[in-house]
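First the structure, in the form of structure tokens, and then the observations on it.
The values are calculated or read from the model by the stated rules, or taken from the named source; none is laboratory data. Just so it is clear, the structure is predicted and the values come from calculations on it, not from any experiment. Cβ placement follows ideal geometry from the backbone for every residue including glycine, while neighbour counts extend to all protein chains displayed.
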Amino acid sequence: MKRILVIKLGALGDFVLAMGPFKAIRAHHPAAHITLLTTPAFAEMAQACGYFDTVWRFGRPAKTDLAGNWHLFRSLYGGRFERVYDLQTSTRSGFYRNFMRGAQWSGIAAGCSHPHANPARSKMHTLDRQAEQLAMAGIAHTPRADLSWAQADIGHFNLPSAGGYVLLVPGGSAHRPAKRWPAQHYGELAVWLHGQGMQVVILGAGSEHALADEIEVLCPSAISFVDRTNFMEIIALAGGASWAIGNDTGPMHLIAAAGCRCLVLFSGASDPTLCAPRGPKVTIIRHDPLADLAISDVATQLNSL
């Protein structure tokens, strides 16, 4: 195989979980020219990780973007790819097979050459499902995600030395509020963490400023980094944090894969057996409804990590 295409469009948590499969594909095809088809949000990480020779960031044009769709389909048709690893396995990515001129295909697209032929695939954790898909395509071993390639200077944040701060990730899907532990609870936890001598750092983006504000009202010593960090900086911050506590949301996947001690809070709205962050030091608490999870229970769990 000389020309390989890998498809992974997002979201953040799924992209991080694909880092092990990315590495496995590169190891299996060391001399191939491997192209990743993704979206702009993940292009920087894709280029930095070293697993790809080319990164295409135009993998999900809007249906109304005629020029963008034409560019995508023309690129797929002209790419002369011999094999495709579809790690997105969506209706959209399966449709792209129509433009691949007979390339071998690993995924679930109808009639593909290397199908992930497990009828229970939807009941598997994302990483286990992708590892089995690759095994059925001839790649026997899929390693754990390795983010040691990530480099970022976080000196300008002026944080305490390694182990002197804790990361809070209080956000998540705005349209699924049941997945969020209340900001007031995070604020009360921040007060407890401050009493343990820890600097509390709040991570998030966009509308999650409001969550950070609510936490800071209860714990004025907490610092909000909402909209102040990129993915590479989050990985670097995770490397120096004592703990990270957060909801079932994308940044927790980055932090967990970086090796930080993580406590991830799940409600009944999502199943950790299917989508929990993976890392060497990850602990899950599942409570439904999540709003009823006591601060004392979280604090007790942190003391045991």
*How many residues does segment 77-108 hold that are touching a strand residue (DSSP E or B) at 6+ places or on another chain (Cβ under 8 Å), at pLDDT 95 or above and not aromatic (F, W, Y)?*
17
*Taking segment 215-246 as the search range and keeping residues that are without any contact (Cβ under 8 Å) to a residue 40 or more places away in the chain and in contact with a Gly (Cβ under 6 Å, 6 or more places away or on another chain), which one is nearest to G195 (Cα to Cα)?*
C219
*Going through segment 133-145 one residue at a time, which ones are crowded, with 16+ Cβ neighbours inside 10 Å, under 22 Å from P280 (Cα atoms) and not β-branched (V, I, T)?*
A145
*Of the numbered conditions (1) free of Cβ contacts under 8 Å to residues at least 12 places away in the same chain; (2) aliphatic (A, V, I, L, M); (3) within 19 Å of F231 (Cα to Cα), A62 fails exactly one; give the number of that condition.*
(3)
_Out of H125, H185, I need the residue that is at pLDDT 95 or above and not assigned by TED's automatic domain parsing to the domain that holds T89. Which one?_
H185
_Filter pass, W105 being surrounded by fewer than 16 Cβ atoms within 10 Å (Cβ to Cβ) and in contact with a Cys (Cβ under 6 Å, 6 or more places away or on another chain)_ = no
*Residues being among the hydroxyl-bearing types (S, T, Y), part of a helix (DSSP H, G or I) and out of contact with any Leu (no Cβ under 9 Å at 6 or more places or on another chain) - total across segment 137-194*: 0
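Table: residues versus (1) touching a residue at least 40 places away in the same chain (Cβ under 8 Å); (2) within 30 Å of Q151 (Cα to Cα); (3) touching an Asp or Glu at 6+ places or on another chain (Cβ under 9 Å); (4) of a type in the set (S, T, N, Q).
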residue	(1), (2), (3), (4)
A41	no, yes, no, no
F58	no, yes, no, no
R80	yes, no, no, no
T91	no, no, no, yes
Y96	yes, no, yes, no
R101	no, no, no, no
A110	no, no, no, no
